[in-house]
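Contents: one structure, followed by commentary.
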Amino acid sequence: MSQQSLKRQVLQLYRDILRVAKTWKEPDEAQYIREEADRLFHQNKNVASQEEIEEKLFEGRTRLELGIHYKIPYPRPYHVVPGATGKTRDMIKPAYMASYDWDLSHSHTTREAKRPKTRFEEDFDEEDNPLQVRRKPRGYQVGTS
């Protein structure tokens, strides 16, 4: 593939991501999509080899398709049972996680700093026992009948 063709594909992916962000229902998540796209495209702007560019394009398309399908803009955590495959976590990292240096499954504080709280997390009462999470119904107010 020529450099011009790759450049055209990169720009098309960026436009597609911004188009999805524009039509996303949750404003906070739409803002996250725009910021994440800006951050990752800026982070990878100096990638020069054709192979690396194609890998980044695959990563971006995969992440976009997963986000649209599951209606979740955040990177999907992945889980590997230690010792089950004989490979390390870095060896089995999914394609959509290639631009991340941190591990979603073990970096709770980093994950919280990168994204806004989900509706479930907003509804979660921290005093509840984590094993018996009770979700507060939307629109429910105490004392109304």
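Selection of helices (runs of 4 or more DSSP H) fully inside the range 24-124 by the criterion of at least 1 residues being modelled with pLDDT of 85 or more and exposed (fewer than 11 other Cβ atoms within 10 Å of the Cβ) returns 27-43, 50-70.
Looking at this structure, is Arg15 in a helix (DSSP H, G or I), under 13 Å from the mean Cα position of the chain (by Cα) and modelled with pLDDT of 95 or more? Considered against the rule, which asks whether it is in a helix (DSSP H, G or I), under 13 Å from the mean Cα position of the chain (by Cα) and modelled with pLDDT of 95 or more, Arg15 comes out as no.
Could you tell me whether any residue of the range 3-11 is part of a helix (DSSP H, G or I), of a type in the set (Gly, Ala, Ser) and either farther than 16 Å from Tyr96 by Cβ or in contact with a helix residue (DSSP H, G or I) (Cβ under 9 Å, 6 or more places away or on another chain) (or both)?
yes
The values are calculated or read from the model by the stated rules, or taken from the named source; none is laboratory data. Being a predicted model, the structure only gives us computed values, none of them experimental. No Cβ is skipped: glycine too gets one built from the backbone with ideal geometry, and neighbour counts run over all protein chains shown.
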